[in-house]
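Take a look at the structure set out below.
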Amino acid sequence: MDFETWVAKELAYLESIALEPVCDGLAVDYIEALEKLNTYQQQFNSFRTNQFVMYLPSSFTPDSGLSIAASQTTKQTQAAQYAVEHHIQIQISIVEDLEICLEIAKQWTPRCLDYWETLHYSQ
């Protein structure tokens with residue numbers, strides 16, 4: 001084999017290994033999407049387990065004795081909860097799209113080998 005042929009073959013080989021396979025990149029994206037979904041679900045669950053009282057708008061009548069501050073706090077909390085619900089819906093769609101692309105039949109969990117292999121690969 002002459003030098004020019006060797007250089008061409010070596011260059012072709014190096015170019016072939018320089019790029020990450022698409023499936024590996026999508027698997028990393030999938031793990032990140034699952035982790036983000038988990039974060040949003042934890043935020044949503046914190047709204048349900050908070051010990052403060054939330055009022056309905058109908059609770060604020062002139063003779064209810066409830067303050068404007070309580071009304072504002074309730075509105076802010078409800079808005080934050082709706083925002084998290086919206087993020088969860090978007091993230092579920094992202095996770096499902098990646099599952100289709102990667103042909104994943106059952107959602108990965110931290111107990112899955114594929115989950116840990118991909119997590120290790122991404123680091």
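Taken together, the values in this text are just the output of simple stated rules run on the coordinates, not laboratory data. The structure presented is a predicted model; accordingly, all values stated were derived computationally and were not measured. Here the Cβ is made from the backbone with ideal geometry for all residues, glycine too, and neighbour counts use every protein chain on show.
Each peptide in 90-98, 6-14 was scored by the mean count of other Cβ atoms within 10 Å over its residues; highest first, the order is 90-98, 6-14. Highest mean packing comes first when the peptides 31-42, 111-122 are listed by Cβ atoms within 10 Å, giving 31-42, 111-122.
Between residue 78 and residue 105, the simple label model (points 7 Å from Cα in the Cβ direction) yields a spacing of 4.5 nm.
Fully extending the segment from residue 12 to residue 94, taken as 0.36 nm per residue of separation minus the present Cα-Cα distance, adds 26.0 nm. With θ taken as phi - 60° and the Karplus curve 6.51 cos²θ - 1.76 cosθ + 1.60 applied, the whole-hertz 3J(HN,Hα) list for the stretch 30-35 is 5, 4, 4, 5, 5, 5 Hz, x standing for glycine and proline.
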